[in-house]
Amino acid sequence: MPRILLFLSWFVFLFSCRNSPTPPDTRRAFRYNQHNPITSLDPAFARTQNNIWAVDCLFNGLVQLDDSLNVKPCIAKHWTISPDGLTYRFFLRDDVYFHDDPAFANGGKGRKLEAADVVYSFQRLLDETWPKPGSWIFKDRVATDSAFVAESDSVFMLRLRTPFQPMLQILTMQYASIVPHEVCEFWGRDFRRNPVGTGPFRFKIWAENQALVLVKNDHYFERDSTGTRLPYLDAVKTTFISDRKTAFLEFKKGNLDYFFGLESAYINELLTQEGELQPALSEQFYFLKNPYLNTEYLGVRMESDSLTSSQTITNPLQIKKIRQALNHGFDRAQMLRTLRNNVGRAATSGFAPRGLPSFDDAEVPGYGYDPVLAAKLLTEAGFPQGKNLPNITLLCNNDYLDLCTFIARQWEDLGIKVNIEMTETALLRERMRKGQAPFFRASWIADYPDAESFLTCFYSKNGSPPNYTGFKNAAFDRLYEASLRETDTERRYAFYRDMEKILVEESPVIFLFYDETAQFAHRRVSGLSRNAINLLSLKKVRISH
């Protein structure tokens, strides 16, 4: 047995015997693996999926998303927004309590959450003496004075500098979780290892790089439709096996209840070529696939206004018709079928992906596979059949080599020669950040479920990141700024679609595919959420025996 699983088995046995009246063999525990380790359990540092999933179990925010990405009440029962879009008032529940911790008075018993805790949590994010990744959600967006106000114990007010319509969606992020001031001050920076929130599970133990165990919060405030208190599980146990193939084998043996993600080493063992679960596995497992707010693309660093012909150039990608030819010059559907077993959808619309409420591929038609049109565009650009077209270099990391190779081979049929330069992920990101990557493979995952989270990548006043392409377009900028002020949802979506049309026309990126989640679970697991932000919410999950 691998050392990590031996450790976890020993710990779970010890934990079950010492802390639970329920015998270990009937304990309802959900077991899953993260191939990347958790770096912090402090919600202010929840910037990676592995951190986010754990933080979601431990903490709550004012609002939350349902699986359809609608904003719903959580700690806040309801809220109001002023007509000018600048003032938000949240009316808090009176039955939300923090987990127990020695830092609390009254013998360490968790106290009731109040509006002052919301003020503290949000001000803590902006504390410049201790920079936190989550600070960006409020930075330059909230009022310069009295941005966060506790009007009473049960009413919290948020004031913005200028209207920003996605603010409610931003408040659903784990960064905006509410923390108790006395516990944060007691533990200081070690709060990362001693988290105290109001979530459905409370912290038990974390052996870094080995295992994390959370246990049921018996006093959690949310209930299901029948009035039963959530969560149903007794515990959540996370291992950190870095090798995906090893973790997959543990899932097959029944040592893990849940498995996510795909790799070439085992994808065909799990899925058919058409993206269905292999029939031989259907009695033991089930497979969930749904849109994921992640767009995969190839980015072009725009050096200046697009050229229109084969003027003297050093980089042919500065010619718009070349970029358009590249977009028409490969078969996205075949690529997904061949390399990803049909997990993902061809990006044949704009940059913001399927799964967003503003997505409309009929209103925003993008690029399909059309080698005849691609050849015509090459000729119009002055390079018939690619003649005299300089070689193009594409920067790519190892995880996407097969995908980039597939595309390059199809482009070669048009006469476009692309050299793939393998680059370490960290170095590639650094070159993208410094504007030193002329042509690069990248992805963009939504920070929050609104198309603005994607379109901000092309606003000229944004640096790199997020504007890795250096795209500048005055019409796009005007629409982007108007969308931030627009309070009517449908008009805002219309602005988004007009921006997408500009991106399709100008092609600062080669659109690849809109991602999909791939979740696998044993048949004994029920209640798994299916959402486009790829959040593993466990408060309604059940384990049967």
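The values are calculated or read from the model by the stated rules, or taken from the named source; none is laboratory data. The model shown is predicted, which means the values in this text are computed figures rather than measured ones. Cβ placement follows ideal geometry from the backbone for every residue including glycine, while neighbour counts extend to all protein chains displayed.
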Check whether at least one residue in segment 377-394 is in a loop (DSSP other than H, G, I, E, B) and within 21 Å of the chain's Cα centre (by Cα), and report yes or no. no
Among the residues of segment 206-230, write down those that are within 24 Å of the chain's Cα centre (by Cα) and hydrophobic (A, V, I, L, M, F, W, C). W206, A211, L212, V213, L214
List every residue pair whose Cβ atoms sit under 8 Å apart, with the two residues 6 or more apart in sequence or on different chains, where the first one lies in segment 81-94 and is in contact (Cβ under 8 Å) with a residue 40 or more places away in the chain and at positive phi and the second, anywhere, is surrounded by 15 or more Cβ atoms within 10 Å (Cβ to Cβ) and aromatic (F, W, Y). G85/F164
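With T338, T314, T295 as the choices, which residue is under 21 Å from T456 (Cβ atoms) and among the polar types (S, T, N, Q)? Spell out how you get there, then give the answer.
Numbers: T338 fails: under 21 Å from T456 (Cβ atoms); T314 fails: under 21 Å from T456 (Cβ atoms).
Sole residue among the options that is under 21 Å from T456 (Cβ atoms) and among the polar types (S, T, N, Q): T295.
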Please state which one of P353, P365 is more than 25 Å from K417 (Cβ to Cβ) and touching a Pro at 6+ places or on another chain (Cβ under 8 Å). P353
Without any contact (Cβ under 8 Å) to a residue 40 or more places away in the chain, surrounded by fewer than 20 Cβ atoms within 10 Å (Cβ to Cβ) and either assigned by TED's automatic domain parsing to the domain that holds N70 or touching a helix residue (DSSP H, G or I) at 6+ places or on another chain (Cβ under 6 Å) (or both) - does that describe any residue in segment 420-429? yes
Out of (1) surrounded by fewer than 23 Cβ atoms within 10 Å (Cβ to Cβ); (2) over 20 Å from R193 (Cα atoms), the one N36 does not meet is (2)
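Kindly evaluate G344 against the criterion of being crowded, with 20+ Cβ neighbours inside 10 Å, under 23 Å from N534 (Cα atoms) and either of a type in the set (S, T, N, Q) or in contact with a strand residue (DSSP E or B) (Cβ under 7 Å, 6 or more places away or on another chain) (or both). Spell out how you get there, then give the answer.
Working: crowded, with 20+ Cβ neighbours inside 10 Å: yes; under 23 Å from N534 (Cα atoms): yes; either of a type in the set (S, T, N, Q) or in contact with a strand residue (DSSP E or B) (Cβ under 7 Å, 6 or more places away or on another chain) (or both): yes.
Taking the combined requirement at face value, the residue satisfies it.
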Need the failing condition index for I416 against (1) surrounded by 21 or more Cβ atoms within 10 Å (Cβ to Cβ); (2) within 22 Å of N534 (Cα to Cα), just the number. (2)
From the option list L479, L512, L528, single residue qualifying as touching a Phe, Trp or Tyr at 6+ places or on another chain (Cβ under 6 Å) and touching a residue at least 40 places away in the same chain (Cβ under 8 Å) is L512
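Are any residues in segment 178-191 surrounded by fewer than 19 Cβ atoms within 10 Å (Cβ to Cβ) and within 15 Å of D101 (Cβ to Cβ), and if so, which ones? Don't jump to the end; show me each part of the working.
Narrowing segment 178-191 to residues surrounded by fewer than 19 Cβ atoms within 10 Å (Cβ to Cβ): 181-182, 185-190.
Listed by number, the residues that qualify are H181, E182, E185, F186, W187, G188, D190.
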Within segment 245-260, considering residues that are surrounded by fewer than 17 Cβ atoms within 10 Å (Cβ to Cβ) and within 25 Å of the chain's Cα centre (by Cα), the one farthest from D399 (Cα to Cα): T246
Per the filter on segment 118-160, residues within 15 Å of Y175 (Cβ to Cβ), touching a strand residue (DSSP E or B) at 6+ places or on another chain (Cβ under 8 Å) and not in a loop (DSSP other than H, G, I, E, B) are V118, F122, Q123, V142, F148, L158
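Of all the residues that make up segment 231-266, how many are in contact (Cβ under 8 Å) with a residue 40 or more places away in the chain, within 22 Å of Y292 (Cα to Cα) and outside any loop (DSSP other than H, G, I, E, B)? Walk me through how you get there before you give the answer.
Step one: filter segment 231-266 for residues in contact (Cβ under 8 Å) with a residue 40 or more places away in the chain, giving 231-244, 246-247, 250-251, 254-262, 264.
Then drop every residue that is not within 22 Å of Y292 (Cα to Cα), which leaves 244, 257-262, 264.
Keeping just the survivors that are outside any loop (DSSP other than H, G, I, E, B) gives 244, 258-260.
The number of residues fulfilling the criteria is 4.
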If a residue has to be in a loop (DSSP other than H, G, I, E, B), surrounded by fewer than 18 Cβ atoms within 10 Å (Cβ to Cβ) and of a type in the set (V, I, T) to count, how many in segment 194-230 make the cut? 2
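Is there a residue in segment 290-303 that is over 29 Å from the mean Cα position of the chain (by Cα) and either assigned to a loop (DSSP other than H, G, I, E, B) or of a type in the set (S, T, N, Q) (or both)? Can you show your working first?
Here is the first cut: in segment 290-303, the ones over 29 Å from the mean Cα position of the chain (by Cα) are 303.
Now restrict to residues that are either assigned to a loop (DSSP other than H, G, I, E, B) or of a type in the set (S, T, N, Q) (or both): 303.
So far as segment 290-303 goes, yes, one or more of its residues are over 29 Å from the mean Cα position of the chain (by Cα) and either assigned to a loop (DSSP other than H, G, I, E, B) or of a type in the set (S, T, N, Q) (or both).
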Could you check segment 429-456 and list, in sequence order, the residues that are of a type in the set (S, T, N, Q) and not in a strand (DSSP E or B)? Q436, S453, T456
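Based on what the data block shows, is L214 within 19 Å of P37 (Cα to Cα) and at pLDDT 95 or above? Write out each step before concluding.
Working: within 19 Å of P37 (Cα to Cα): yes; at pLDDT 95 or above: yes.
Yes; evaluated as a whole, the condition is true for this residue.
Among the residues of segment 462-492, what is the count of those that are part of a loop (DSSP other than H, G, I, E, B) and not charged (D, E, K, R)?
Count: 12.
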Filtered residues of segment 123-156 (kept if buried (at least 19 other Cβ atoms within 10 Å of the Cβ) and farther than 21 Å from Y448 by Cβ): none
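Is it fair to say K109 is in contact with a Leu (Cβ under 9 Å, 6 or more places away or on another chain) and of a type in the set (D, E, K, R)?
Working: in contact with a Leu (Cβ under 9 Å, 6 or more places away or on another chain): no; of a type in the set (D, E, K, R): yes.
Against the criterion (in contact with a Leu (Cβ under 9 Å, 6 or more places away or on another chain) and of a type in the set (D, E, K, R)), K109 does not qualify.
Going by the structure shown, is A518 surrounded by 22 or more Cβ atoms within 10 Å (Cβ to Cβ), out of contact with any Asp or Glu (no Cβ under 9 Å at 6 or more places or on another chain) and not basic (K, R)?
On the way: surrounded by 22 or more Cβ atoms within 10 Å (Cβ to Cβ): yes; out of contact with any Asp or Glu (no Cβ under 9 Å at 6 or more places or on another chain): yes; not basic (K, R): yes.
So A518 passes the test.
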The residue from N327, N342 that alone is touching a Ser or Thr at 6+ places or on another chain (Cβ under 7 Å) and either in a helix (DSSP H, G or I) or of a type in the set (S, T, N, Q) (or both) is N327
For A333: the one exception among (1) on the phi < 0 side of the Ramachandran plot; (2) surrounded by 21 or more Cβ atoms within 10 Å (Cβ to Cβ); (3) small (G, A, S): (2)
Checked segment 396-413 for anything surrounded by fewer than 17 Cβ atoms within 10 Å (Cβ to Cβ), among the polar types (S, T, N, Q) and modelled with pLDDT of 95 or more; matches are T405
